[in-house]
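Right, one structure below, let's go through it.
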Amino acid sequence: MKKLMATAVLGLAVTVSGAMAADGGALFKSKGCGACHQANVKTVGPSLKEIAQAYKGKEGELIKFLKGEAKPIVDPAKFGIMKPQLNATKNMSDEELKALAEFMLNH
């Protein structure tokens with residue numbers, strides 16, 4: 001019975017985590033982030049792969065950046081282009097920011 005319960009809890013955690021990443025993907029798309037950030041190719045902004053590498057183990061720092069509370073650690077010379085776009089993320093809830101960050105970090 002304990003094994004069954006542990007398996008159910010683990011399955012739920014994986015499902016919830018996947019749902020958050022899916023929500024993050026929807027937010028990424030609806031906020032127009034893909035106009036500047038592609039999965040593996042640097043365009044106007046760094047690729048999601050570059051962002052994920054730079055913020056590996058630093059999800060909290062990425063969330064602070066998206067809130068406008070931290071300086072960028074990826075391509076700071078181009079921050080002037082990103083700064084106005086932070087208006088789209090500054091007003092997101094903590095849950096939305098976490099989902100968006102998780103989506104970005106999993107590329």
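Tell me whether segment 70-84 contains one or more residues that are closer than 18 Å to K29 by Cβ and surrounded by 17 or more Cβ atoms within 10 Å (Cβ to Cβ). Yes, some residue in segment 70-84 is closer than 18 Å to K29 by Cβ and surrounded by 17 or more Cβ atoms within 10 Å (Cβ to Cβ). When residues in segment 69-107 are screened for being of a type in the set (S, T, N, Q) and not in a loop (DSSP other than H, G, I, E, B), 3 of them pass.
Out of M5, M20, one residue alone is at pLDDT below 95 and buried (at least 17 other Cβ atoms within 10 Å of the Cβ). It is M20. Every test in (1) in contact with a Pro (Cβ under 7 Å, 6 or more places away or on another chain); (2) at positive phi is passed by G68 save one, and that test is (1). None of A26, A77 is small (G, A, S) and at pLDDT 95 or above except A26. Inclusion of P46 among residues that are free of Cβ contacts under 8 Å to residues at least 12 places away in the same chain, crowded, with 18+ Cβ neighbours inside 10 Å and not aromatic (F, W, Y) is not warranted.
The values are calculated or read from the model by the stated rules, or taken from the named source; none is laboratory data. Predicted model, so just to flag it, every value in this text is computed and none were measured. As a convention, Cβ positions derive from the backbone with ideal geometry for all residues, glycine included, and neighbour counts pool all protein chains shown.
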